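One structure is given below, encoded as structure tokens.
The values are calculated or read from the model by the stated rules, or taken from the named source; none is laboratory data. Source: prediction; values computed, not measured. With ideal geometry, Cβ positions are generated from the backbone for all residues, glycine too; neighbour counts draw on all protein chains shown. We work out accessible area using only protein heavy atoms, side chains counted, and drop any ligands, DNA or RNA first. Shrake-Rupley method; radii C 1.70, N 1.55, O 1.52, S 1.80 Å.
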Amino acid sequence: MIPLGIVVATVLCFLPALSGTFLNWDDNVNFLDNPAYQGLGREQIRWAFSSVLFGHYIPLTRLTWSLNFVLGGMNPWGYHLVNVLLHTANAAIFYVVARRLLAAATTGGAQDARRRPEIEAGAAVAAIVFGVHPLRVEPVSWITGRADLLCALFALVAVWSYLRSVETVGPARPRHVLISALALAAALLSKGVALPLPAALLLLDVYPLRRSGRLGWRTLVREKIPVLLVGLAGAGVILYALRYGALLTPTSTYGPVARGCAAGYSFTMSLVRFIWPASLSPLYEMPARISPTDARFGLGVAAAVAITAGLIALRKRWPGGLAAWTFSCLMLAPTSLAVRQGADLAPDRYSYLAGLGFAVVVGGAALGGLRLAQRGILARPIAWMAATAGLAAVLGLGAASFSFAQVWAQSESLWRWAVELDPTCSVCQGKLGESVLEGPGGTARVGEAEAYFRRAIALRPDLPDAYFNLGTALVIQRRYPEAEGPLRSYMERVPQAAAGPERLGLLYLLEGRHEEAIPLLRSAFLRKPATTLLRGYLIQALQARARELETQGRGGEAGGLLAEARALGGIQAAGQARPDALTPRPGPERADRP
């Protein structure tokens, strides 16, 4: 009944997510503009196992997208439902894992300890805190966040199986270690954030399992060889995906000191947001410069060092605190060293696995309070007050998650919230402009969207997307001469992207500058030949330029252009370019390369 109660409580907190839509925060690239996942045939499976879009190799996650499409098409309700179900399953499995960890910490791992009421109660508290915490809203309410949920599901199974393998004295049982290795492989094929898990299992050997003193490190490492081999293979695949699918921040932009500051900041903020999850945002923007002289980074690093030193000093009296902190830092390290693929600084979704240790600590505190009350050390009125305060805190977390999930339901509400929290966030301003332009009555609100794009450029002139969107907004308003400047600025900042020449070529096509439009549209088409609209724009430009040449008596040149148009799919284009039909968003900066 306890896991069932955890599931019910978790589902209730995330009911608003079921009414959510696809968001203009990667959902557009992964779903709305991506026919590659639509189906479960050979081509879709091949794409799932070959794509490294955004630097992620996540074939199992992409196959779940395909299954969603087969069962429900493009109805976002089904995608959100799967996310909620995955999260509730994770909360239920975490209850079983937390029960074993608390039993090991308090009784040395006695087989019957897990069934003691106070340990079950402590594990239930840990699982509920994990399940209803507002930090979970981002991966649950965001369809693209499914990768974190699926990865965590298999990672929890891997830990659960490993804990079962060490129930008896002596080396781990090979059968369960092998299951743990297979589960880790599935986790890494869902998302690479589970990569530090082999090291986390060694951390569990130190505490709470206390196996390192009995067996020695050589035995502990040898018994985990299957898990370690999977981890090494996963590291190779992740590096390949980053190399061929991501735009990494160069070392010249963020050097070792900056990367260390970003890591220390993310370690500290993970704990701070767990304790006080107020003002959570979909995006904490990466600054153009990271320095220890910046107050937030200097304080973040100092706090991380102080917490580490304090917990090391208290390791004999409170080993659980040091274990939870080490686990959090370990799981955050690969995503926190400023090896960035986007504008995020310590996003909340990274805490999905890293926060498990803190939730166990809360469960351990509840367990300690129950034992004090049972022994009469804690007076009954105080015990009731503590229990009431704890229940109120959990209800507060659940209410905050329910409210925050409503914010995540629509793009415009999400980015308005983000801009309210941080008006200096350039990407947030740009995304709000996109939401306005794409929402109901978008073309009628194009002036409002233009203002957000101009604000985004003023805040961060080095970021490219706002230039593209500003140019698009001006094209929609038929202010063609003004639109050329921002579109050229975008092309200068992202020269390898197809979106720049495509949109500037379309601008020239609308202005009747067909001779100038053709080379731009050709360049874009070579980079993205599967884009139907782009093919149509190029055919239109070729046809129009051929007519111009014919009137000038240059029939030979006109014939060549018409022949090119035929080769592209016929003389008649699919439709005429219309400025009011344009959408913002340049899309991913690097093409999807298998």
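Farthest toward the dipole's positive end in the chain, which of ALA405, LEU509, PRO381, given Cβ charges of +1 (Lys, Arg) and -1 (Asp, Glu) about the Cα centre?
Checking the options against the dipole of the chain, the answer is PRO381.
I'd like the orientation of helix 59-72 relative to the chain: the angle between its Cα long axis and the longest Cα principal axis, in ° from 0 to 90, rounded to 10.
Helix 59-72 sits at roughly 70 degrees to that axis.
Tell me, what is the per residue accessible area of the chain in Å², probe radius 1.4 Å?
I get 42 Å² per residue for the chain.
If one takes the longest principal axis of the Cα atoms in the chain, at what angle in degrees, from 0 to 90 and to the nearest 10, does the Cα axis of helix 480-493 lie?
50 degrees
Net charge near LEU561: determine it from the other residues with C-beta under 12 Å of the C-beta of LEU561, scoring Lys and Arg +1 and Asp and Glu -1.
Residues near LEU561 contribute 0 overall.
Going by Cβ distance under 4.7 Å, what cysteines of the chain have no possible disulfide partner?
That list is CYS13, CYS151, CYS261, CYS329.
Roughly speaking, what is the stretch gain from ALA199 to THR388, that is 0.36 nm per residue apart minus the C-alpha to C-alpha distance, in nm to one decimal?
Going from the current span to full extension adds 64.3 nm.
Can you give me the distance in nm between label points at ASP294 and THR308, each placed 7 Å from the Cα along the Cα-to-Cβ direction?
Going from the ASP294 label point to the THR308 one covers 2.0 nm.
Suppose only helical runs count, i.e. DSSP H with n ≥ 4. What mean residue ellipticity at 222 nm does that imply for the chain under -39500 (n - 2.57) per run, divided by all residues and rounded to the nearest 500 deg cm²/dmol?
-22000 deg cm²/dmol
Could you work out the local net charge near VAL427, counting Lys and Arg as +1, Asp and Glu as -1, over the other residues with Cβ closer than 11 Å to its Cβ?
-3
Which is farthest toward the positive dipole end of the chain among SER180, LEU561, ASN28, measuring Cα position about the Cα centre, with Cβ charges +1 (Lys, Arg) and -1 (Asp, Glu)?
Final value for the positive-end residue is SER180.
Could you tell me how many degrees, from 0 to 90 and to the nearest 10, lie between the Cα long axis of helix 174-190 and the main elongation axis, the longest principal axis, of the Cα atoms of the chain?
30 degrees
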